[in-house]
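Read the figures in this text as sums done on the coordinates, not as results from a lab. Keep in mind that this is a model prediction, so the values were computed, not measured. Here Cβ is always computed from backbone atoms with ideal geometry, including for glycine, and neighbour counts include all displayed protein chains.
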Amino acid sequence: MPQQEPLVLIGAVPSPYTRKMVALLRYRNIAYQVIWGDPKEILQQKGIAAPKVGLLPTFLMPDENGQLQAITDSTPIIRRLEDEQVERRVVPSDPAMAFIDYLIEDFADEWCTKYMFHYRWYPEKDADNAGTLLPLFHRVDIADSPLNQFKAYITQRQVNRLGVVGSNEVTAPLIDASYRRFLVVMELHLQAQPFVLGQRPSACDFAIYGQLTQLIGFDPSSREIAHEIAPRVVAWTGLMEDQCGLDPAMDGWNSVDSTPQSLNGLLIEIGRVYAPTLLANAVALENGDKSWETEIDGSVWSQQSFPYQGKCLTWIRDEYFALSDADRSRIDALLEGTGCEVLFN
Ligand SMILES: N[C@@H](CCC(=O)N[C@@H](CS)C(=O)NCC(=O)O)C(=O)O
């Protein structure tokens with residue numbers, strides 16, 4: 001095999017998207033070099049311009065002239081890697097299933113991350129845990145005094161940002177209920193098959209896994225809930241970490257007609273909480289409102305308007321409308337009654 005330069009990414013252990021991507025690179029047998037650190041510092045050392053929005057993970061990939069460039073956003077990076085290496089792909093070959101994969105990946109990245117941020121900073125004991133561990137993951141040999149300063153600073157900053165993602169006293173029970181339902185539907189689904197879309201992992205498995213590395217592996221309250229109600233999901237999260245030894249079959253993915261009934265549970269959760277969020281956010285962006293409020297799952301939800309989630313809705317629609325008529329009607333049949341249909345009206 002030709003030896004390729006390893007793909008470099010800069011990220012952090014407590015970052016769900018970093019973990020998503022490291023697990024994906026392992027599964028895909030793509031040589032990588034992960035640098036645990038702050039992208040800004042590391043890019044400066046390497047003399048590479050920082051990306052417009054600094055996020056974790058940051059990848060170094062060649063631009064059209066072969067110059068290394070810092071880029072972020074796991075979803076398009078996954079698609080770029082699909083083009084660069086054909087073995088062990090994570091986007092299903094059937095375009096209709098690729099759409100379902102896209103939708104679930106987006107839900108994991110944008111909604112399940114609300115569970116993550118909520119449990120990390122809302123319960124006091126979790127905020128205390130994260131406040132100590134985040135600086136230590138940044139620098140394990142930091143002295144106690146700067147550790148305590150860093151802890152106070154980061155805790156205050158992040159707790160103040162809870163409202164930005166929609167976590168507050170009113171929504172806390174809704175987020176908790178959605179997290180528990182999500183675990184239960186995943187638990188049931190994993191009784192039917194080892195991955196979300198069949199016998200081999202897809203991008204959406206890695207996206208869910210990324211959030212669960214934190215919910216189960218980092219934050220005590222969400223870990224306790226998962227161990228209590230979803231032991232299969234706990235085990236699955238352990239297995240997903242490194243699937244480099246899995247030998248995926250070409251026909252390992254479900255077809256639209258062979259998806260287990262249990263997948264419906266996951267789609268219903270997406271329709272129940274995430275679809276209305278995307279729509280309300282899009283309306284707010286269109287009206288130029290800085291924040292919005294809507295009813296989700298019988299409770300008032302308010303959060304800041306996110307231009308990025310506006311793009312998420314556009315991309316989901318682009319994927320949907322790019323399907324052939326025949327594929328789209330297979331998808332419509334699968335989504336019927338889940339609440340996801342509103343995304344395309
Ligand atoms: N859509 C992006 C999201 C990445 C992201 O939001 N990363 C978070 C950390 S896990 C981040 O870097 N946030 C910046 C901050 O918290 O300052 C992706 O898929 O990579």
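The residue of the stretch 168-190 that is surrounded by the fewest Cβ atoms within 10 Å (Cβ to Cβ), among those that are β-branched (Val, Ile, Thr) and not in a helix (DSSP H, G or I), is 170. The set of residues in the stretch 276-305 that are part of a strand (DSSP E or B) and over 30 Å from residue 191 (Cα atoms) comprises 291, 292, 293, 294, 295, 299, 300, 301, 302, 303, 304. Of the residues contained in the stretch 306-321, none is found to be outside any helix (DSSP H, G or I), free of Cβ contacts under 8 Å to residues at least 40 places away in the same chain and of a type in the set (Gly, Ala, Ser). When the stretch 80-118 is filtered for residues that are within 22 Å of residue 271 (Cα to Cα) and hydroxyl-bearing (Ser, Thr, Tyr), the ones remaining, listed by number, are 102, 113, 115.
Within the stretch 301-325, take every residue that is over 20 Å from residue 53 (Cα atoms) and among the hydrophobic types (A, V, I, L, M, F, W, C) and give me the one that is surrounded by the fewest Cβ atoms within 10 Å (Cβ to Cβ). Applying the filter and picking the extreme gives 321. A single entry from 57, 62 fulfils the requirement of being within 16 Å of the ligand (Cβ to nearest atom) and either in contact with a strand residue (DSSP E or B) (Cβ under 8 Å, 6 or more places away or on another chain) or under 28 Å from residue 33 (Cβ atoms) (or both): 57. The residue of the stretch 1-45 that is nearest to residue 71 (Cα to Cα), among those that are charged (D, E, K, R) and within 13 Å of the ligand (Cβ to nearest atom), is 40.
Residue check: is residue 106 assigned to a helix (DSSP H, G or I), within 13 Å of the ligand (Cβ to nearest atom), among the charged types (D, E, K, R) and closer than 28 Å to residue 256 by Cβ? Answer is yes for this residue.
Can you confirm whether the stretch 155-164 contains a residue that is in a helix (DSSP H, G or I), away from the ligand (no atom under 16 Å from the Cβ) and surrounded by 17 or more Cβ atoms within 10 Å (Cβ to Cβ)? Within the stretch 155-164 (the criterion being in a helix (DSSP H, G or I), away from the ligand (no atom under 16 Å from the Cβ) and surrounded by 17 or more Cβ atoms within 10 Å (Cβ to Cβ)), the answer is no, since none of the residues qualifies.
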